[in-house]
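To start, the structure under review is shown below, and the notes come after it.
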């Protein structure tokens, strides 16, 4: 039994890598602190953007439609390198009133766990919070 445990323990530890919804603090639009890992339990579409990236305007407008069509997903607009008030201002300027979760990662902490290669980009996670795949721009499953 102990030999089996010695063999299985490293495999278990390898399967617990950082490629999952990390427990990093982020802000909601009402400036409350939550953790990205709190959103495990449903499949997650994480749309990562910043005000300076090209293409985010039309993508953000599509997020409400995606949230309505994909009820089995938690749709998250994930703003990086911005302050909460900047995201609120951007939404107001674009006429976006939600229908999806918005989280603000001022310090771009997501990049410490899962590299952000493109902005904007989409990251998919399964119900257990495991990272599945990343796509440049907005991807609709």
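Which strands (runs of 3 or more DSSP E) does the stretch 54-140 wholly contain that include 3 or more residues that are without any contact (Cβ under 8 Å) to a residue 24 or more places away in the chain?
131-136
To keep it simple, each residue is scored yes or no on (1) modelled with pLDDT of 95 or more; (2) surrounded by 14 or more Cβ atoms within 10 Å (Cβ to Cβ); (3) under 14 Å from residue 139 (Cβ atoms).
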site	(1), (2), (3)
41	no, no, no
47	yes, yes, yes
94	no, no, no
98	no, no, no
106	yes, yes, no
121	yes, yes, yes
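The values are calculated or read from the model by the stated rules, or taken from the named source; none is laboratory data. Quantities reported herein were computed from a predicted structural model and do not represent experimental measurements. Methodologically, a virtual Cβ is constructed for each residue, glycine included, from the backbone with ideal geometry; neighbour enumeration extends over all protein chains shown.
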